[in-house]
Amino acid sequence: MLSDLIAALATASGRSALAVVRISGRDAFVAARRILGWAADAPTPARQAILAPFHEADGTPIDRGLVTFFPGPASYTGEDLVEFSCHGGLLVPGQLLAALFAAGARLATPGEFTRRAVLNGKIDLIQAEAIGDLVEATTRAQGRGALRQLDGGLSARLNDLRQQLVDLLALLSYDIDFPEEDDGPVDRGTIQARLGSARAGIEALLGTAHLGERVRRGALVVLAGRPNAGKSSLFNALLRVERALVTEVPGTTRDTIEADLDLDGWPVRLADTAGLRDSTDRIERLGIAVSRKYLAAADLTLLCVEAGRRLDDEEASLAAGPSTLVVRTKADLHPAADGLLVSATTGAGLPALVRAVVDRLFGEVERFADLEPMLTRERHRVALTQADLELMEAMPHLEDDGDAVLAAHHVRRAMASLDELIGVVDVEEVLGAIFERFCVGK
Ligand SMILES: Nc1nc2c(ncn2[C@@H]2O[C@H](COP(=O)(O)OP(=O)(O)OP(=O)(O)O)[C@@H](O)[C@H]2O)c(=O)[nH]1
Ligand SMILES: [Mg+2]
């Protein structure tokens, strides 16, 4: 099915050597032929880049570039799609778009090409999200994660879970419709075991959400500690720019400063905070209150304590937290001290610190990724949590004196949750599976 013709610049606008403009929908090839000045019946070879001049409707030349025809359904959107590769900058792509509008296209809304790809079954919602993530990625880890999701690993896993629920519903329907059959109803123990294994699958996926979301969004790493501990110096050293003010005056940093950082290929948001102490200065106290909020939200706190100094009570209690790493600063002044020694001044110990941070935050990712595809968004987590809750509610109704109708109701709701997640909304399919698998009419 072809919907109306949309056009958009597929590359970033601004000065560039090349730009790509694409159109998709009804009469895409008609519009393209007009831009090329070709006859209405001129052949449009599929998926071959053709060098040709582009014109406005009155024949005014726009550019000379490559045009590629993608007949649907073998195209990104599943519709007839044409890509024009032209010179970049502001003028040429703008003129080309205007000519396409004159030829019947309208400007696409954000994400509309990908939306059509989903509607036409080329990709599912999970893969559409992965395309967005790949475009947004700034680190290798994020790129790898997005590609893995685009590959369909997560989709396959979710579809498999969904299939388990379809089968479960089929068993339950049999139980509901034919309780008096000769063979008797399906053994409740069998149904319970199936439900248990579907729940285990869902819970295994939920177990990956924490890390998956961390990779996609970046981990929050907070530099904290007493005033003058060397937090801002370390912040600057890790960023490799003098971003935060550094002075010998305790209480220099007041506002929390954040920066995105690629730490050995892993995404981190690093925050430098106001030094923790009892202060009578109103502004400093406000800053310290913000520091505490950051500490509460941190995926990892780097507690900065000058090398060789004993931890005081507050530091010791922070250090005991599960997501704190004690960093011994100013190691150049105390070379014989113990601990994770770093010097912002000489750079000594920084690579080891980076390794320790990456390991603490992301060490499990690779191990996990081999076992299970990862959930990467709150949307995934919410939908699967909901599905799991529904299945849990189905359980009591699977006891011998339970009501299979109620059990089926909850399983159906769990399935609806998965359907929404993957982007499938075809209820007829369940009916189809029931009849196909059980030969009820026999
Ligand atoms: N020798 C040496 N001095 C350092 C090092 N790191 C920081 N300093 C000095 O320690 C003092 C405090 O450094 P900052 O980075 O401002 O410390 P801070 O923890 O951000 O302090 P507040 O913002 O006040 O909480 C400055 O005089 C720095 O030059 C280091 O690795 N070696
Ligand atoms: Mg500071």
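The values are calculated or read from the model by the stated rules, or taken from the named source; none is laboratory data. Here the structure is a predicted model, which is why all the values come from computation and not from measurement. No Cβ is skipped: glycine too gets one built from the backbone with ideal geometry, and neighbour counts run over all protein chains shown.
Would you say residue 171 is farther than 21 Å from residue 76 by Cα and either assigned to a helix (DSSP H, G or I) or in the same structural domain as residue 110 (by TED's automatic domain parsing) (or both)?
yes
Matching residues to (1) under 28 Å from residue 187 (Cβ atoms); (2) surrounded by fewer than 20 Cβ atoms within 10 Å (Cβ to Cβ):
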site	(1), (2)
375	no, no
391	yes, no
401	yes, yes
405	yes, yes
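Can you confirm whether the range 155-165 contains a residue that is modelled with pLDDT of 90 or more and either in contact with a Phe, Trp or Tyr (Cβ under 9 Å, 6 or more places away or on another chain) or more than 30 Å from residue 199 (Cβ to Cβ) (or both)?
Checked the range 155-165: no residue is modelled with pLDDT of 90 or more and either in contact with a Phe, Trp or Tyr (Cβ under 9 Å, 6 or more places away or on another chain) or more than 30 Å from residue 199 (Cβ to Cβ) (or both).
Can you tell me which of (1) at pLDDT below 90; (2) among the aliphatic types (A, V, I, L, M); (3) assigned to a helix (DSSP H, G or I) is the one residue 186 doesn't meet?
Every condition holds for residue 186 apart from (3).
Here is a list: 331, 336. Which entry is within 16 Å of ligand 1 (Cβ to nearest atom), surrounded by 13 or more Cβ atoms within 10 Å (Cβ to Cβ) and either at pLDDT 95 or above or part of a loop (DSSP other than H, G, I, E, B) (or both)?
Checking each option against the conditions leaves just 331.
Checking residue 135 against (1) at pLDDT 90 or above; (2) outside the structural domain of residue 12 (by TED's automatic domain parsing), which single condition isn't satisfied?
(1)
Quick one: count up the residues across the range 379-396 that are out of contact with any His (no Cβ under 7 Å at 6 or more places or on another chain) and without any contact (Cβ under 8 Å) to a residue 40 or more places away in the chain.
Residues meeting the conditions: 5.
Filter the range 238-260 down to residues that are surrounded by 21 or more Cβ atoms within 10 Å (Cβ to Cβ) and away from ligand 2 (no atom under 12 Å from the Cβ), then give me how many there are.
Residues flagged as surrounded by 21 or more Cβ atoms within 10 Å (Cβ to Cβ) and away from ligand 2 (no atom under 12 Å from the Cβ) within the range 238-260 amount to 1.
Among the residues of the range 288-326, which ones are in contact (Cβ under 8 Å) with a residue 60 or more places away in the chain and part of a helix (DSSP H, G or I)?
Once the filter is applied, which keeps residues that are in contact (Cβ under 8 Å) with a residue 60 or more places away in the chain and part of a helix (DSSP H, G or I), the range 288-326 yields 291, 294, 295, 297, 315, 318.
Evaluate the following for residue 376: is it at negative phi, of a type outside the set (Gly, Ala, Ser), more than 26 Å from the chain's Cα centre (by Cα) and outside any helix (DSSP H, G or I)?
Criteria not met by residue 376.
Do the conditions hold for residue 276, that is, is it closer than 29 Å to residue 140 by Cα and touching a strand residue (DSSP E or B) at 6+ places or on another chain (Cβ under 9 Å)?
When the stated conditions are applied, residue 276 does not pass them.
If we keep just the residues of the range 199-231 that are among the charged types (D, E, K, R), crowded, with 19+ Cβ neighbours inside 10 Å and under 24 Å from residue 141 (Cα atoms), which is farthest from the chain's Cα centre (by Cα)?
Taking the candidates together, the pick is 214.
Can you give me the number of residues within the range 339-356 that are touching a residue at least 24 places away in the same chain (Cβ under 8 Å) and assigned to a loop (DSSP other than H, G, I, E, B)?
Residues that pass the stated criteria total 5.
Among (1) buried (at least 19 other Cβ atoms within 10 Å of the Cβ); (2) within 16 Å of ligand 2 (Cβ to nearest atom), where does residue 281 come up short?
If we test residue 281 against (1) buried (at least 19 other Cβ atoms within 10 Å of the Cβ); (2) within 16 Å of ligand 2 (Cβ to nearest atom), just (1) comes out false.
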